[in-house]
Structures are given as C-alpha cells and as structure tokens.
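Working notes, structure below.
What follows is calculated from the coordinates using simple rules that are stated; it is not laboratory data. Bear in mind that the values here come from a model prediction, so they are computed numbers and not experimental data. Cβ atoms come from the backbone with ideal geometry, glycine included; neighbour counts cover every protein chain shown.
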Amino acid sequence: MFTDARQLVLMILKNQTDLSDLDNCIKVAIETATGVFPLNVEQKEQLLQDIRMCFNVTVSMSGVLRNKNDIDHKQWLEEKKDGIVWKYWSGFRSYLEMEKEWPAQVVQSIDKTTDTILGLLEDPIETENSFDRRGLVVGYVQSGKTANYTALINKAFDAGYKIIVVLAGLHNNLRSQTQARLEEEVLGWDTEQNEFIGVGKQFKPNEKRIASLTTRLNNGDFNSKNVGITLDHSQQPLLLVVKKNVSVLRNLLSYLRHKNSLARFASAEASYKTVPSLPLLIIDDEADQASVNTAAIYDENDKVIEDCDPSTINGLIRQIYNTFEQRAYVAYTATPFANIFIDQSVSTEEHGQDLFPRDFIISLPKPSNYIGSYDYFNLYAEEEGEEEPSLVRTIEQDDDFLPSKHKKDHIPSHLPSSLKQSIHAFILSTAIRRLRGQEKKHNSMLIHVTRYPNVQKYIYNLVGDYLQVIQLEIKYMGRSSKYLEEINLLYEEDYISTSRYHKHGGNTFNWECVSSEILLVLDDIELKEINGGSQDVLDYRKHMDRGLVVIAIGGDKLSRGLTLEGLTVSYYLRTSKMYDTLMQMGRWFGYRDGYFDLCRIYTTYELATWFSHIAYATEELRGQLEYMASIGATPKQYALKINTHPDMLITNEMKMRTAEKYKTSYSGELVQTTVFEEHSSFFEKNFNATSQFIHRLTTRYETNPDTNRRVGKTKHYFWEKVDGYLLIDFLNEYQTASSVSRVNSEMLKEYISKRIVENELTSWTVVLINSNDEEELEFDNQVKVGCGVERIGIPKNEYGKEGFLSIKTLTSKGHEYFDFTEEQYMRVEEIEQNKQQSPVASSKQCRKLRDPKEGILLIYPIHRNKKRFEGMNLDKKQTPIAIAISFPESESPDAVDEHGYVINRSIEQDVMI
C-alpha cells in the first residue's frame, strides 16, 4: 500500500507544471494518493519525508571539455531531438522513476548529461558520412555511472545507432552483472528465462526488440559459436556485453569481419572489410582497466615508435573499433589517471589511433546524497565547532592472522578481535536499519584482506565458525550471552554517540528493541565467498522481497565494478600503492540514504592516510577538469596535473610511459599549514618568528587602516600594502613541518621571490586572526589577541605520523577573501552559490578576482589547551601558529616550480593551461 501511494504521488508531481510551492504540492499529492491507498498518520509522515528527500536532492551541472578544432562535427541533436521517437529512453526513464524510485532531479540530471554526450557523438542517421568520435566520462566510484551509460545506450538506439558493444570488466561475474542489468533496463527481456522483465513490461506482445548474442549466464559471453550467426542489424539493433578478454575479443573481431555477418555490408575496396552503413558505439566500462596500452611506445631516443605493437587487449579493441566507418567510443571510469596518460600521437595502420579521448571529456555531476571519499575521510571537514564523529575505525595489522606480506599458502589460525568487532558492527547496523523502516533493504559486509583465493577460503571458514558460535550462544543463552553483551557495549560506546552527532545521523533506539532485532538478523545472515574458486554469487535480485543480508569475503572480484548493495561495514587490509587500484577497491562509496551514520570502515591507519591523500588528489583532479571546462579549454589542453605521493604510484607504471614531472605553480591556490612537528621548540620558534614579523609590520605600516576592504569590518588585526620582501623575511624564519612536501616555507619563499621579479605579489594584506576570548597573547605592545582559535585535531592513531600532529581545515569560510572589496566579495558569493562546479573549481574562479600583484597572508594562533594540542603543556610563547596564503592567478608563464605533480608529456606545451 505504501509503495502504491508513493508511486501515485510521484506520478501526480511529475504531471504538475508549477512546483514553485513544492512543499504544498507534495502535501496535496499525498492527500490525493492516500484517498486511493489509505495510510495511517505515521505512514503519511514517512511518505512526506521520503518525497521531500526525492525532490531536495541537488545535482550539480557537469563540466565538459570539447575539441573546438573539430570542424567536421555537427551540432545535430538539438535540431533533430523533437523528431526522434524516444521509445527506449522513455521506457527507461519511467522505470527509474516508478520502479527504482529515483529522485526526480537525479533522473533529470541523467537526461541532461546523456543528451550532452549523445550530442557530442555524431548523427547515426547520416549514413553517407563516416565519423570517429572519442570521449571520456569521469564519474565517481559507485555513483551511478552504469545508469548513465544505460541511459546513453537507450538514447543511442533511439537515435539510430545499430550496434552497441559494452566492454564490461575482466571477470565473468561482473560481465554477468552488467548483462543482467542491461537486460532489465535496455533489452527488456531475460536471456536466461526468455521472459519480459524491467522495461520490457511496457512492450507490446510482438514488438521487435533489440537483439543480443550474449546472456546473463556466467558462461554467456560472446564465443566462437556466435561467429557465423547472420542477423539483419540494419533492421534489428544489436547489444553485446563482453569481457575484456583476449579470446572473447578475438571472437568478436572474427564475427564483425566474417563474410556471413557484418562484412557483407563492407565496401569492396576496403582493406579489411570496413563496415560503412552500421553505426557502432563502444561503451568501455572501467576504461582505465585493461583497455589502456601497456606496451612500449618509445625508442631509446624517447621518440614514438612507428607502427608500435600495442598490448593485446588494447590492440583488439582498436581493431574492432576500426572495422566500422561510423564509430564512436565512450570511456567511463571514476579513476581516469591511466586514460589521460594515453599518448595522443600513437597510431598504426593495423590498429588505428590509440584511445585518447580527443573529442570530449565530461565530468558527471554528483548528486548531493552521494557519499564519497571526502565524506568518509573528512576531506572537507568543518573547521569550527564540534568534531563530527569519524566512521573510520583504525586497527592494528595482526601478523598472526594475516601478515601484510604473505604467500598464497598462508593459513590464518584465528580471527583478530578487530574483525570480530566489525562483524558485531554489521549485525548492529542491519538491526538498526530495520528498526528505521528499512527492513526489506539489502545489507552487505565486505571482508577484503587478501588477493589469494586459498587464504580467502580459510577466512571464510573462520568467519562461518564464529557466526555459528554467536548464533548458538545467543539463541540458547539469550540476553546473558557474552556476545550480546559485547554488541551492547559497542552500541553504547560507538553507535549511539556517532548517530546523535553525525550530520547524517538517524534515530537511535533502546537496547531492548535493538537486541530483539539482533536475534532476527542473526538468522538471516548469509556468508559468501566471492572468487574464482567458489560457486557463490551475490544475487540481490532474488532477495528483493526481504532483502539479502550477506557477508562477502573475496579479493579481486570485489575490487572493481561489482556493486555490494547496502554496504554498511567494510573490513579492509588489502594494500596497493596505486591510486586507481586502491580507490576502486573501496566499495563503500555510493548512496547511503538513511543509514550513512551506521557505516563503518575498519582499516589500518596507514591505509586510511593513503585513502585520504587519494581522495584529495582525485577531487583536485576533478576540480581542474571543471575549472578548465568553465574557461573553455579542450581535451588536448587538459594537462591533468596529478598530485604525487612519496609512497604511492598514480597508476600502473606501464600505463604511465608518457608521465613526466610537471613544473606546477602556487598560482590561484590556497596553501595552509595543517601539520606540525610535535615538540615545543617547533612552536616556540614560530611564535618568535611571528612576533618579530608583527613588530616590523607595526613599525612600518598602519595597523587596521581605514579601508573599504572587508577585513576592515572585523575584530582582527590587519596591515595593507605590505612589501612582498617582508613576507620572504618572515618565511625565512617561520618553519613548516618537515613531513609536508608542498606547504613548504622554502618553496613558498622561492615562488614569491620569482613573482616579485615579474612585478607580481608585490603588495600584500596580512591578517592576524583574533579569537573571541580574553586577551592573552602579546605579539607587540600594540597587538594583543585572545588565546587562539580552536581547531579540530586528527587523532594520532588515525592519521598522524610519529613525531607530528595534524588538524583538519585551518581557514574559516570567507577568510581568504578578507582583502576583497564588497564588490569583489559579492562576486565570490555568486560563484559559490552556483552549484555547477566543485569547491575546487569555484575557489579557483574566486581567486582569479584578485590582482596578480596582491596576495593575502592569514596568521592563526591556535588555542594551546584545546582540541589536538591539549595536554602538551605549552606556555604562551609556545602557542601554535598556523598560516594560510591565498595566491592570485599569475599572468606569467614562468610562475612554476618543480614539485609534486606529473602530466602526460604528449600534450603540447604551448597549449597547456
């Protein structure tokens, strides 16, 4: 009854032309719907909140880089859109809204972004014209990339593309999962049961459907038996879902060039039977995996080898692609590092050009209810107020259980206490979700600690034994069970406080209710071993009526592409020193509406640190893309500066043959000190350096001058038009932590010196931040401030390095624009209110408003007896001093240093932004 009422409400709202008073429209629609499907008061309230959430999900616009020199490309879609019968897309859209109950704004966003992508391809109806379009779509891990390319597939078939090949991962289970989903959402029929499903329920009985030569069976990939099949693809479109596997791709290439299949469409003079009249679209899912050429492409003189042999899978994809004269290739990935390092100049007669996305790169929008790496690892943590409880639980590596370096014959003898606790957490999270009304939702736990199936088998047995012990003891001993007592303790010490104070927190319940639900959860838990040696599968579709409750133990098959529905708890020890591999292994990203506060990640402190770094590098990369899109850059200009790490690789070294260190810049950047050396002499040195600097300022400049700048209206101390060389003197005395590479006083000093020579950064605003408490700190006879700002500290056992301590964010919102006029700041607010860009891209645009001659230095005394510094017994003259510098965008091409980034060397230097 509730689902029926919800669907009716969504249908009523969908047909509304005026939703200006949205809340009232929702309430009226609910009253109408519950007149047909009666609900009680509590159900009505739940429905109201549910529909509000659907319509309050915000979606930022995407950023697009286009090849503006492509004179042959026609802007065709807008002109022809009204004349296309959108049969497949309309069915899929209705399916998303009604069956999957997706928020309206998310569906609208998919519609808009896929229109953009389709429009960047070519019109498939213009059969006289050959074309070759290549693009890259950058999404987020577990964010809905599949939904996006599913929508694109439906629209492409509607528009006239005849053959669509989806390259779906390396493993049978991932290919099968993708096939099953596309059967539901494109084909509309089950290739195993031969019945209508999903979007197919809207078809007429004898309606001609899209053909498929692959099935959802584990062995349903394209094989040699398919090669001789004859289909008239000019009349019936074809969808193929294939693995990136050498034998599979060779079979497909044979099929496409076989005399009885597509080659009969080929022109007689074609060198290898190219097909001119059947438009092809290749969707490359997880395009950074296997598709990228890993073979040598440079000779001893660092020049591209003519007709160099590519790696096998890369070569086969290019051969398949070049069989068609009308072709489009769209790569999808959340970790585009390897794709951007493809050499743009590599081409052979046999394989054609390599797969660099020369025509467009598009950044998919992120719905506001998506949970990403920054949410788990506090990338954009608030700088003031109460610390939001972390969902990461750092653990010690237990070498008796599993050494960090072990062999495939290692036999774990026991489960560590941390793994047992994580199982307790999963039981708790599932029980609380059910009490919150999500009793029919899937709940999953991930245990990913080794790549070896033999070792996974031992862990599977140990976990199974432990679950059986818990189930039996609680069943027979009830509330006196020691396991139930341990779970109760975890609930009181962890879950209650986390849920109450987390911004995504939900209802908590008394232990009586929780413990009763736990007894039911224990009966429902299934244990699955997901690897090549096991027959276990994660089939959530068969548990739609009650929801699957599963603990999945595995390795590579759980590390990329495979969706774990309702993932709440992850126990993760699998190390990788590559950005893309590690990020893809984290399957805990995605949508967690109503239960994000119940999610937990159990991992080592080192891995948590690595994830935090990758999260920042990935967001910075996405910010570059969106910023460059906003200024009209092209894919060729997308230099892709990637922030490096001393202990990690960006991607597989064989995929980075084009990589070289890039001379990057502080231009348009905000740098801030958030890491400190943990000894009193470090703090004392910086306090003295700051005191001397402020004394020089008060001697040479007016303190708090009458000005129209925003800083003039605050309680802080400030000085205007400070000589840049005075900042250099300060940075010569001020010490940054030795463990930090980029926020380095020597590098900052060097950069400012070079800019001054170029007549930039000659005039500075310096602001000493004054806290609200009583005056205590004295920097000069004229300058006295409070005890300092409070900043949230990162616990040592989570993120710190030995001998160092760290805070989260230093600057408060708006501080870096203290030197702006009111007019400039109004423009800042306009930019920040525009949800079309990420925070990184927006901040870069704001800093462009600053004159290249002007910079701002913010000095923050930090309270020595609060948060992370409490208990260090620091005196007044050892008060921690942190600084932030907001740099304007330089107008000089020489505003560079040589630290911390790499780029694709095949990008022409004169087109780089």
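For the range 674-886, the spread of Cα positions along the three principal axes, ordered from largest to smallest, is 45, 44, 36 Å. If R0 is 60 Å, what FRET efficiency do you get for ASN218 and MET872 from their C-beta distance, rounded to 0.05? Efficiency at R0 = 60 Å is approximately 0.55.
Pairs over the 32 Å Cα-Cα cut-off, from the set LYS201/LYS457; LYS68/LYS721; LYS201/LYS440: LYS201/LYS457; LYS68/LYS721. Over 31 Å apart at the Cα level, from the set LYS408/LYS475; LYS100/LYS244; LYS784/LYS848, are LYS408/LYS475; LYS784/LYS848.
If both residues of a DSSP beta bridge must be in the range 674-886, then about 75% of such bridges are antiparallel. Taking amide H positions as modeled 1.01 Å from N, with prolines and chain starts lacking one, the residues under 5 Å from GLU526 and 5 or more places away or on another chain are VAL549, VAL550, ILE551.
Of the three principal axes defined by the Cα atoms of the range 398-572, the extents in descending order read 45, 34, 34 Å. Cα centroid separation, the range 177-221 to the range 399-441: 36 Å. Annotation note: trypsin sites (Lys or Arg not before Pro) in the range 119-223 located in DSSP loop regions with a Cβ neighbour count of at most 11 within 10 Å are LYS208.
Amide H contacts of ALA882: TYR860, ILE862, each under 5 Å away and 5 or more positions distant or on a separate chain (H built 1.01 Å from N in the peptide plane; Pro and chain starts excluded).
Annotation: extensible slack from ASN461 through GLN202 equals 88.7 nm (criterion: 0.36 nm per residue apart, minus Cα-Cα distance).
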